[in-house]
Each structure stands twice: as C-alpha cells, then as structure tokens.
Amino acid sequence: MNIKFKIGILGFVAFAFSSCSKDFLDREPFDKLVPSTYFNTEADLQLYTNSFYQQFIPAGLDIVQADEMGEYTSKNNSPTFIAGNFSPVDQSAWSWTKLRNVNYFLSKYNNPAIPEEARNHYAGIARFYRAMFYFDMVKDYGDVPWYSQTLSTEDNEQLYKPRDPRAVVMDSVLADLNFAVANIRDIKDNTSSTVTKWVALGLKSRICLFEGTYRKYHDELNLQNTADKWLTEAFNASKEVIDSKQYNLYSTGAPELDYRTLFISENPVSTEVMWSNVHNNSLKRWHNITWKFNSATYGARWGLNKQFINTYLKIDGSRFTDKPGFDEIAFVEEMKGRDPRLAQTVRSLGYTRSDGSAAPPNFGYTFTGYHILKFSLDDKRLDGVGEGYNSITMMRYAEILLNYAEAGAELGKLVTDESIWNETIGALRTRAGVDPKMPAVADGYLQQIYFPEISDKYLLEVRRERGIELVYEGLRYDDLMRWKKGRLLEMPWKGIYVPAMDQEMDLDGNGSPDVSFVSKTPASPKAGVSYVVIDGTASKLSQGTKGHIIWRDDEDRQFDDKKYLRPISNTDLVINPNLGQNPGW
C-alpha cells in the first residue's frame, strides 16, 4: 500500500459511546455499516483493520511526552498523581470503545468466501491491537475484566462481573500475541507504518519483558515463580526478530549524527525503525513536538536531570562518574569526550540551528540546563508553530536488542554467553561511537543513585544502556513500574553546576557568555546573556550562592506502593461495585 494512502486513510468513523450507559456494548460500532453486506472481501477486512491505527496509535507528541513521567525529567511541576492529593475521584473512567470495535471485527471477519490466509492475517492484526489494549489496562489497574466477545444489554452477568485476575488476563494477552505472530504476514514494511509479523514479535518481546520483570520484583503478587516463563518468552521473541535479519542498527559510520537521524527524519529509517507514527510535510500531517520543547509558554519546559546525565559513559567506555569531582564540573567540561548520543539528546557544545546561529541550552525553555534536543527539528520557525514533520518512532530494533539483553541478564545468560553482550549492548555502543568493552565490576554510581538492590554488573549496564538509548521514546515510566522503582520519582530535579551567582557562563563552548544566575535581573543586562533568577523557593542552588540548580524543591513528591496501580475511578465503581478498589486507594 502506498505510504501516502496509509497516512491519509480515514477508515470508518466509530460511534462514540459512554461506559456509563448499560447499552454501550450493544451498539453497532460503525456509522452506516451493514454486516450483511460487509465483511465479504479481503478489502473489507483491510479497511476495517486500518481504522485501528487511528483508534489505537497515540499522537506523536503523546509518545514523546509520556517520558515526562520518568524520574529523569524536570518540568513546570509534577503531575497531581506524584505531588498532590490524588484520589479515585481524580481518576478518569475507563473506556471499552476500542476493545468493542476489535471484538466486533473478530465476531464478523470469518467469512469462508475470503481466503483463510487473509482472514487469519487480519484477525491477527485485530488480536495484536486487543493485546495492546489489555496490556495498557493491566499496567494501569492490575486485575481487569476480560472480554473476548461483544456483549448485549442482556448480558448482565458479564457486564457487571468482578475483575479477572491479572494472571488470567495476561495469559489471554499472550495467546493473542502468539496468534498474531503466527498469522500476520511476515513481509517487511519499508514504510514502518503497518503491523507486520516482526512488529508483533516486537510487541510480544516488550510485553513479556514487562510482565516477567514485574512479577519478579513485585513480590506482593505472589507470581515470582512464573516470572522466568515470561522472561523466556521475551528472550525468544527478541531472538526471532534478531535471527530474521530483517533489521539492523542504522549506522553510516558517523556516530555524531546517526543516532539523532533516527528521530528527525521525515521518512522512518526503516533499516532500524520497525513501527512509526508517520508524519509528512507535503500532506500537512504535522505534530508540535519542536514547538513544545522550544517554548517558554506552550510546553512544560522539560529538561533532563543531572543524575541521569551522569550515567552517560565517556567515549573510551570508562565511567564519567569515576572521574574525580565529576559532579561539580562546569557544563562545557562535562560535555567533552562523552558518549556522542549525549550531544544528540540535549543541546551541547557547538549546536547550531538550521540558519547557522548558535543555540546553547535555553533556560527559557528548560529549568535544569539539559535542554532536550532528540526529537526537535533545527528550523527555528517550528519553535512557534505545530508543523513538525519528522516521524515519531514507536518501536526500534535497538529496543529489541535491549529487551533481549535484559531478559538474558535476568535469566542469568549474560554471565555465561558473551555473544549476547556483543550482539546487544556492545553493538549499540559501537554504533554510538563508544568502546563496547564489558564491565570489570559493578558500577557503584548506578547502585548508589538508582539500583542499590542490584549487584549483577551486566544487569546494571543493561539498565544504563536502556535509559540512554531509549530516552524520551515513551518507555521510562513503564520501566520504573516493572522494576518497582517508583520511588525514584521522588528524586530532586537537579540541574547543571553553577560555580557562583552573578557569574557569566559559556554553555556551548564558543567563548561567548550565554547565561548568568542572579537574585534579580540587572538593570543593564548584557546582550546575548540570559539571566536566570534564583528565587530561593521554586529554584535554588544546592550550596546557597553556588552549586547545582535544584528546581521545584518546594514540591512534596511522593510515590507510595499503592501508586504502582491506578485507582478504579469512582465513576466505574458506581456503575459496577463488583469491580472492587485497588489496594491503598
């Protein structure tokens, strides 16, 4: 199918329905759709399943912005869920609209007049999306009602049943994924815009890794004895993608450019990008990511935190945090000789916009000084208009390698099989321009700041690499949840080191001052210098008149164990009291 057709296709328009009405599961899901004259050809099945793309795929900005829930992000302020009085009243009611549209298709698609291979292919796509739907539900709520068929208004027992156990629901999710893998066509899509067998395997790899590690680290579930089953499924699904040779890490031998190319290209780099939310300038299918990341008012002024920036290695593969005084080095010095992905993730030394103008970190757009660059385009015009046209990755081969490495580490395979390291972490670092040597000992910094409970030196490096490689691709919050590391969200939002108040600082290494931190803006400001007021409340320096920027230390960020699951909303409990509430809520 032509990519422009795929981008522009509208599919059918689903009727909106409310979960508050008892008859919502009894409605025809599509406007003017007549089952007796539809589902008769392969084209009908294709058109219906194309509509799932519009229903299930988040907007480009939503994919990227999901990482604002990660511990490595600072912003205007924390969401109420982390720093506020969040309760079941604040939780949105859940919706079953997308699920019903999938189940409706699965109840109608199996027309013998259509070749069986085609029927199974499109049923596989439907079950792929059903697995996505339920994975999201389980991540949020744990136990949820499982529905595999459409219901009528008379199905009171099903409509008002209690939630099904997580283990039952996830077994059904795995069955859907296995069907999808077995039946979706294995032709690689070089537009990276459709679901193929390889994308289904990638989703299986992601979901099984999540569930395996969640069960391992969340002992309150009493499912630890099943964790290895899921980790093995993740390992095997990842290996099948790797062994297929359909994808590889994009590399032109220019490590200072190749990583960022993946995130600013209009056409997905299909050698590595498996699935993408495709945007297109000529079709005016745009997003507003560049505007959001480069606006003092439109965005939330996102930035990365110093604790995370410290995890980037040096080019020679040594740890930056082994350098004496590493935490109090000036910005220009800390950016030198580091993993080239760092300068392709945040504004760094020598970064310029498309017109050639210098563009150091802008404290009008970020609070910590680690100004996110990864998905931003270089055209200044896009800083004030929602016309971004770079396609946004939803699944990359790099993630599959990381899933393979992590599942392998959790299963104890990295200790005995060096080839897994070379094929995954080593390959990613080689592409990045970093020495791929294996660690001699466990990293004390990662243990002290992030993972004191982890002693496995390989697993620590896998987690380091996962954070660096996949930063701002929408996966970090899920990682924290499955590792049972939600309390990292209580970390201070720590920025660059400031040697003294009222001192001009060069941030891009061109010799000209860019910023000064002051108690009040001077009467005669110097041209080209941005003055950042340290008010002592929302913004502080860690040592009074010098030190690290500490942003929003006035917030009371708390992550209690109950927050690993969302509460069931009061709205849903009123409709169906049999659902019960999640622990602690």
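The values are calculated or read from the model by the stated rules, or taken from the named source; none is laboratory data. Predicted model only: the values in this text are computed from it and were never measured. Methodologically, a virtual Cβ is constructed for each residue, glycine included, from the backbone with ideal geometry; neighbour enumeration extends over all protein chains shown. Note: accessible area is taken over every heavy atom of the protein model, side chains too, but ligands, DNA and RNA are not part of it. Shrake-Rupley method; radii C 1.70, N 1.55, O 1.52, S 1.80 Å.
When Lys204, Lys188, Lys161 are checked against the criterion of being surrounded by fewer than 19 Cβ atoms within 10 Å (Cβ to Cβ), in contact (Cβ under 8 Å) with a residue 24 or more places away in the chain, under 25 Å from Ser270 (Cβ atoms) and charged (D, E, K, R), a single residue qualifies: Lys188. Selection of segment 540-550 for residues being open to solvent by 20 Å² or more (accessible area, probe 1.4 Å) and part of a strand (DSSP E or B) yields Lys540, Ile550. Just to be sure before I move on: is Ala93 farther than 22 Å from Pro577 by Cβ, in contact (Cβ under 8 Å) with a residue 24 or more places away in the chain and either open to solvent by 20 Å² or more (accessible area, probe 1.4 Å) or out of contact with any helix residue (DSSP H, G or I) (no Cβ under 6 Å at 6 or more places or on another chain) (or both) in the structure I sent? Taking the combined requirement at face value, the residue does not satisfy it.
Of the helices (runs of 4 or more DSSP H) contained entirely in segment 104-198, those carrying at least 1 residues that are more than 30 Å from Asn222 (Cα to Cα) and hydrophobic (A, V, I, L, M, F, W, C) fall at 116-141, 166-183.
Restricting segment 248-268 to residues that are without any contact (Cβ under 8 Å) to a residue 24 or more places away in the chain and in a loop (DSSP other than H, G, I, E, B) leaves a set whose member that is surrounded by the most Cβ atoms within 10 Å (Cβ to Cβ) is Ala254. If we keep just the residues of segment 234-247 that are free of Cβ contacts under 8 Å to residues at least 60 places away in the same chain and open to solvent by 50 Å² or more (accessible area, probe 1.4 Å), which is farthest from Trp275 (Cα to Cα)? The extreme case among them is Asn236. Taking segment 406-460 as the range and being in contact (Cβ under 8 Å) with a residue 60 or more places away in the chain and aliphatic (A, V, I, L, M) as the test, the residues that pass are Ala407, Leu411, Ala427, Leu428, Ala432, Val434, Leu446, Ile449.
Across segment 164-185, the qualifying residues are those that are of a type in the set (Val, Ile, Thr) and open to solvent by less than 20 Å² (accessible area, probe 1.4 Å), and the one among them that is farthest from the chain's Cα centre (by Cα) is Ile184. If you check Phe293, Phe320 for being within 27 Å of Tyr450 (Cβ to Cβ) and free of Cβ contacts under 8 Å to residues at least 40 places away in the same chain, only one passes: Phe320.
Only residues that are in contact with a Phe, Trp or Tyr (Cβ under 7 Å, 6 or more places away or on another chain) and surrounded by fewer than 19 Cβ atoms within 10 Å (Cβ to Cβ) were counted in segment 551-571, giving 1. On the stretch given as segment 398-417, residues that are modelled with pLDDT of 95 or more and surrounded by fewer than 21 Cβ atoms within 10 Å (Cβ to Cβ) total 3. Looking only at segment 520-532, decide whether some residue is buried (at least 16 other Cβ atoms within 10 Å of the Cβ), aromatic (Phe, Trp, Tyr) and either touching a Lys or Arg at 6+ places or on another chain (Cβ under 6 Å) or modelled with pLDDT under 95 (or both). Within segment 520-532, none of the residues are buried (at least 16 other Cβ atoms within 10 Å of the Cβ), aromatic (Phe, Trp, Tyr) and either touching a Lys or Arg at 6+ places or on another chain (Cβ under 6 Å) or modelled with pLDDT under 95 (or both).
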